[in-house]
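The values are calculated or read from the model by the stated rules, or taken from the named source; none is laboratory data. Because the structure is predicted, anything quoted here is derived from the model rather than measured. Please note: Cβ atoms are built from the backbone with ideal geometry, for glycine as well, and neighbour counts cover all protein chains shown. Quick note on the areas: whole protein, heavy atoms, side chains included, nothing else; ligands and nucleic acids left out. Shrake-Rupley method; radii C 1.70, N 1.55, O 1.52, S 1.80 Å.
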Amino acid sequence: MTEAEVIVDKRDGLGLLTLNRPKAINALNHSMVHQLAAALAEWAADDEVRAVVLTGAGERGLCAGGDIVSIYHDAQDGGDGSREFWRDEYVLNAAIASYPKPYVAIMDGIVMGGGVGVSAHGGVRIVTERSMIGMPEAGIGFVLDVGGTYLLSRAPGELGTHIALTTARLTAGDAIACGLADHFIPSGRVPAFLAALAAGTLERALEEFTEPEPESALLAQKGWIGDAYSADTVEEIVSRLRDSGIPAAADAAEQILAKSPTAAKVTLRSLRRSRDLGSLEEVLNQEYRVSSACLDSHDLVEGIRAQVVEKDRNPAWSPATLEEVTDEQVDRFFADLGAFELGLVPGGNTHSSITLGNTQELSSVGEGKS
């Protein structure tokens, strides 16, 4: 028999969700999104469930992101499977943020892209010394999604802009400093923490097992990061980084220049616009427009080919330079989709329902990060 890709269990007052594709570092596919959504919808109204806990199977991490090889083939074939996946995934992200019960995400090991979407919008986000968190979208010609522009646009100063454009990896201390996590518990103590959670209250378990978070090396660089990334264009950001005389800043400039120029410019626009949007739902609506446009772009297919499929690490971006990417080209990524809009409605306390595909409903009632 094929093993379940999401293990769904309920015991000791907890709803337990385990992402179960360890060979793929628990990368999300459409079926997994539906399984997560169905369980959350059921448990929202189940008085026997005090809290939900999300973990990942295996030793490598919670979740390495979405199934980008499927996205690659879908983009090549001109299909709509990825748009349907993103639609349901983003609805799930919004529902997690407004979930009416404690949603505890164990962000141990690798947590990338879509893994951030199913964890960092939760009410209780736990990192360990093994945590490596990132949103590597620009490196494959894609743009931050799953509410990533919401999270990073609200990080201190310009740290989020730096993370998004360089695809920097975050440690536990970095993640807490940037608002993507809340508590630090050493990985060896996580099983005991979960046992304490099952036996008692969330507050008591956190009090017993949470330790002071490690220092954030990224936060210590907030000064030069703010000076450079406050610029209005990616070209000016790169120029300031290069002119700063700081080796880490010069490295950051080269990292940005290695990414898709189009994705870099669209990412910056997305972040700036997300700062002015008042809710996660509005940001997800914007991200859906951008993701849909990426699916029709040259750079997404080329980026996945170079980084994941053929692994030559030599993408041929088009346009090839930042200067060649026009404002009109960037505008196209934010165009209204008409009848195909995601259509999430702001307001997590409205007692309304969010429809997932044609089969599941998730209550948007609750207290979340949005």
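Points to keep in mind about this one:
- Residue separation of residue 201 and residue 187 scaled by 0.36 nm, minus their Cα-Cα distance, works out to 3.0 nm of gained length.
- Near the amide H of residue 123, within less than 5 Å, lie the amide hydrogens of 103, all on another chain or at least 5 residues away, with H placed in the peptide plane.
- Estimated translational diffusion coefficient (Stokes-Einstein, Kirkwood radius over Cα pairs, 20 °C, 1.002 mPa s) of region 131-198: 163 µm² per second.
- Ellipticity estimate at 222 nm from DSSP helix runs (n ≥ 4, -39,500 (n - 2.57)) divided over the chain, nearest 500: -12500 deg cm²/dmol
- As computed over region 84-153, the Cα convex hull volume per residue (Å³): 89 Å³
- Taken along its principal axes, the alpha carbon cloud of region 1-149 reaches lengths of 46, 37, 33 Å, longest axis first.
- Rolling a 1.4 Å probe across all protein chains gives residue 232 an accessible area of roughly 140 Å².
- Less than 5 angstrom separates the built amide H of residue 10 from those of 16, all sequence-distant by 5 or more or on a different chain.
- Net length gained if the chain between residue 47 and residue 243 were fully extended (0.36 nm per residue, minus Cα distance): 64.7 nm
- Amide H partners (placed H, <5 Å) of residue 233, local residues excluded: none
- The phi torsions of region 71-81, fed into the Karplus equation with coefficients 6.51, -1.76 and 1.60 and a -60° offset, translate into couplings of 4, 4, 5, 5, 5, 5, 8, x, x, 10, x Hz, rounded to whole numbers, with Gly and Pro shown as x.
- Only lysine pairs 8 or more places apart, or on different chains, with alpha-carbon atoms under 28 angstrom apart are counted in the chain, and they number 12.
- DSSP assigns beta bridges within the chain; of those with both partners inside it, close to 40 percent run antiparallel.
- Lys, Arg +1 and Asp, Glu -1 on Cβ, resulting dipole of the chain about Cα centre, debye, nearest 20: 520 debye
- Remark: accessible surface ordering of 47, 174 (largest first) is 47, 174, probe radius 1.4 Å.
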